[in-house]
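These notes concern the structure reproduced below.
The values are calculated or read from the model by the stated rules, or taken from the named source; none is laboratory data. Note that this is a predicted model, so its numbers are computed, not measured. Glycine gets a Cβ as well: all are built from the backbone with ideal geometry, and neighbour counts include every protein chain shown.
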């Protein structure tokens, strides 16, 4: 029994299928963004376009996490934040210990405490990605800032190896984060 050649339409369909398999698939930016990153540097751009380290974060620490499912959290602290002596964890969750500590503090000690607590920038929320312009939008659910829950921030993002650079839109500030293992 001799084999008949495949009809032209079937050959064409097979060729299209093979070409489709060899084409590169679009990058899933949510999956690409997923992970934990440590703050490497925060920079501000001057009027000449030159980037300079931001003094607010100099010597501080920070982490940002994207879970790949649409949830994120960020925490940035200034230098010396972790050195501040407050209360042990269990006591810091009970009003009687907090009130006793506050009532015993001098005005200068209270100012030091406010400075320490104010130097912690933290929020958690949901995120979405605007693929066409490489922008990630954070919708805050909980925040230490005086910003209402549900407020949003948008950041452009670009990857450079294991580093992600988030930049304030229409601003002069960027943060470079290094992916953690």
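Picking from residues in the stretch 59-71 that are touching a helix residue (DSSP H, G or I) at 6+ places or on another chain (Cβ under 9 Å) and under 20 Å from residue 152 (Cα atoms), the one that is surrounded by the fewest Cβ atoms within 10 Å (Cβ to Cβ) is 69. Each residue in the stretch 74-84 was checked for being exposed (fewer than 14 other Cβ atoms within 10 Å of the Cβ) and either free of Cβ contacts under 8 Å to residues at least 24 places away in the same chain or over 21 Å from residue 144 (Cβ atoms) (or both), and 2 pass.
Quick one: in the stretch 131-152, of everything that is in contact with a strand residue (DSSP E or B) (Cβ under 7 Å, 6 or more places away or on another chain) and assigned to a loop (DSSP other than H, G, I, E, B), which residue is farthest from residue 75 (Cα to Cα)? Only one residue tops the list, namely 134.
Scan the stretch 136-146 for residues that are surrounded by fewer than 16 Cβ atoms within 10 Å (Cβ to Cβ) and either within 17 Å of residue 177 (Cα to Cα) or touching a residue at least 24 places away in the same chain (Cβ under 8 Å) (or both) and jot them down. Answer for the stretch 136-146, where residues must be surrounded by fewer than 16 Cβ atoms within 10 Å (Cβ to Cβ) and either within 17 Å of residue 177 (Cα to Cα) or touching a residue at least 24 places away in the same chain (Cβ under 8 Å) (or both): 137, 144, 145. One residue alone among 102, 87, 110 is closer than 22 Å to residue 61 by Cβ and surrounded by 11 or more Cβ atoms within 10 Å (Cβ to Cβ), and that residue is 87. Looking only at the stretch 147-180, residues that are farther than 22 Å from residue 36 by Cβ and either crowded, with 17+ Cβ neighbours inside 10 Å or in contact with a helix residue (DSSP H, G or I) (Cβ under 9 Å, 6 or more places away or on another chain) (or both) come to 0 in all.
Cβ-Cβ distances below 6 Å connect the following pairs, each with a first residue in the stretch 49-73 that is on the phi < 0 side of the Ramachandran plot and free of Cβ contacts under 8 Å to residues at least 60 places away in the same chain, a second residue that is surrounded by 14 or more Cβ atoms within 10 Å (Cβ to Cβ) and assigned to a loop (DSSP other than H, G, I, E, B), and a separation of six or more residues or different chains: 60/78; 60/79. Across the stretch 167-181, what is the number of residues that are at pLDDT 95 or above, assigned to a strand (DSSP E or B) and more than 12 Å from residue 41 (Cβ to Cβ)? The total comes to 2.
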